[in-house]
Amino acid sequence: MSIETWGLSSSRSRISFAVRHLVFSKTRGGFNRWYGTLAVPDGDFSRATVEVVIDASSIDTGVLRRDKHLRSEDYLDVKRYPDITFISRRVHAEPGGRFRVIGVLTIRSVTREVTLDVESIARGEDRRESDRVLYSATAAFDRRAFEFTGNPALDSGGLVIGERIEVEIEVEAVRQPAERVA
């Protein structure tokens, strides 16, 4: 069996999220620094494994004050927990180039199983003849599962911060040259 290694291109990809704020709107953001690899046995993406490490301090919602609060002990606590990780455990191939990738997400040393719904968008070679793939993925999870529990109620009965975090990922991966074994 041969294992192809694919590097996830953080400069051509994005990891973003959205969460309800004050019931009516959504706060959107993403992470600017992360890296990951995709290991593909015998070229079969339905058996692939993926590992991603996100620099938690790179959270960016476009509002500096909010980002500072999200980095604090109240949320990500980036001084004690600098990384967010995702490691796949199983892949289920579905019709139409879709996959369900089940893995473990670790935030602030709390690890929970999360399912990514993944769609294969494209595969081809670039100008340098590098083999590339593009995937789109979505997931959603309850923020309370990761112990983000502080949340004042509004007089109207809603919550300041919604409980459901929606994740969207667009990732481009580039096949790495095969290592030669002597």
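A short reminder: the numbers here are calculations on the coordinates, not readings from a lab. Every value quoted in this text rests on a predicted model; they were computed, and no experiment measured them. All Cβ positions, even for glycine, are placed from backbone atoms using ideal geometry, and neighbour counts span all protein chains on display.
Dipole check for the range 1-120: with +1 at the C-beta of Lys and Arg, -1 at the C-beta of Asp and Glu, and the Cα centre as origin, the magnitude is about 560 Debye.
Taking a point 7 Å from the Cα of Asn32 along the Cα-to-Cβ direction, the residues of the range 56-74 with backbone N closer than 20 Å to it are 56-73. The GluC sites (Glu not before Pro) of the range 74-144 meeting both criteria, a DSSP state outside H, G, I, E and B (loop) and at most 16 other C-beta atoms within 10 angstrom of the site's C-beta, are Glu129. Annotation: amide H-H contacts under 5 Å for Arg33 (H modelled 1.01 Å from N, sequence separation of 5 or more, or interchain): Asp55, Ser58.
How many percent of Cα pairs in the chain exceed 22 Å? It works out to 49 percent of all Cα pairs. The calculated FRET efficiency for the pair Asp44 and Val110, based on their C-beta separation and a Förster distance of 45 Å, comes to about 0.90. At an R0 of 25 angstrom, the distance between the Cβ atoms of Ile102 and Ser57 translates into a FRET efficiency of 0.35.
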